[in-house]
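The values are calculated or read from the model by the stated rules, or taken from the named source; none is laboratory data. Quick caveat, the model's predicted, so the values are computed rather than measured. Cβ placement follows ideal geometry from the backbone for every residue including glycine, while neighbour counts extend to all protein chains displayed.
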Amino acid sequence: MDMVSSVERVLGDARALVGEATAGDLNRQTACSDWNARSLIEHSIGVVSNFNTAFGGGQLTPPAAPGSGEASGADLNAAYGQAVDALLATVKAPGALEKSIKLPFGEMPGQRALGIVMADQMIHCWDLSKALGKSYTMDETLAAMTLRGMHELIGANPNARGEGRAFAAEVPCSESAPVQDRLLAFSGRQP
């Protein structure tokens, strides 16, 4: 599976889930202790939009902390859909994945940067599904690819873990557990 198709699949899953969030769902707590469903969706919109900017040659900056916005589920769904459409159009352009993308912690090839988008959105799709009381099963191949990428990324950036950082401490999980559980545990979530 090529990276664009893989990301497109994950973003499609996330888009469908965001579309299912009702007004009553938006205040539900997520696995991310500081975020309710609305904040999580706002974060996801910010990440996708920010990477679109970076792939377009702009400076990628860490996403802003989700606010206490009062956007409706329909508004969030529309904004997420627009962000996804824009990113996919940008990364499908010839040569997009061969570009060097500037991130706050260094530069990397576009192909690898797109892997970060996939990891972020796949894990947050699981977070949102839990908050909404829905099930979400990750594609095993994509989850395994994401887990390998996260091991490399966090291994190279050990300061990514801890209070107020991108990832919580790893949760213990058996190596024989399904890859989805191992990915979630590695990202600091209780599978």
Could you tell me which residue of the range 113-147 is farthest from the chain's Cα centre (by Cα), considering only residues that are farther than 11 Å from Thr30 by Cβ, of a type in the set (S, T, N, Q) and assigned to a helix (DSSP H, G or I)?
Thr141
Exception for Gly110 within (1) touching a Ser or Thr at 6+ places or on another chain (Cβ under 8 Å); (2) closer than 17 Å to Ala185 by Cβ falls at (2)
Any chance the range 22-34 includes a residue that's over 18 Å from Gly164 (Cα atoms), of a type in the set (Asp, Glu), part of a helix (DSSP H, G or I) and modelled with pLDDT of 95 or more?
no
State whether one or more residues within the range 84-106 are assigned to a helix (DSSP H, G or I), crowded, with 19+ Cβ neighbours inside 10 Å and within 15 Å of the chain's Cα centre (by Cα).
yes
One residue from Asp127, Asp139, Asp181 being closer than 24 Å to Val7 by Cβ, of a type in the set (D, E, K, R) and in contact with a Pro (Cβ under 6 Å, 6 or more places away or on another chain):
Asp181
With respect to Ser39, determine if the residue is assigned to a helix (DSSP H, G or I), closer than 19 Å to Ala166 by Cα and touching a helix residue (DSSP H, G or I) at 6+ places or on another chain (Cβ under 6 Å).
no
Among the listed residues Gly81, Gly57, which satisfies the condition of being on the phi > 0 side of the Ramachandran plot and either at pLDDT 90 or above or assigned to a loop (DSSP other than H, G, I, E, B) (or both)?
Gly57
Determine which member of the set Arg38, Arg9, Arg15 is modelled with pLDDT under 95 and among the basic types (Lys, Arg).
Arg38
Criterion first (small (Gly, Ala, Ser), modelled with pLDDT of 90 or more, more than 21 Å from Arg38 (Cβ to Cβ) and crowded, with 20+ Cβ neighbours inside 10 Å) does Gly110 satisfy it?
yes
Can you name every residue in the range 5-28 that is within 21 Å of Leu88 (Cα to Cα), surrounded by fewer than 17 Cβ atoms within 10 Å (Cβ to Cβ) and among the aliphatic types (A, V, I, L, M)?
Ala16
Tally time: how many residues in the range 163-191 are within 18 Å of the chain's Cα centre (by Cα) and in a loop (DSSP other than H, G, I, E, B)?
11
Filtering the range 161-177 for residues that are surrounded by 14 or more Cβ atoms within 10 Å (Cβ to Cβ) and free of Cβ contacts under 8 Å to residues at least 12 places away in the same chain leaves a count of 1
Take Ile116 and tell me if it is out of contact with any Asp or Glu (no Cβ under 7 Å at 6 or more places or on another chain) and crowded, with 18+ Cβ neighbours inside 10 Å.
yes
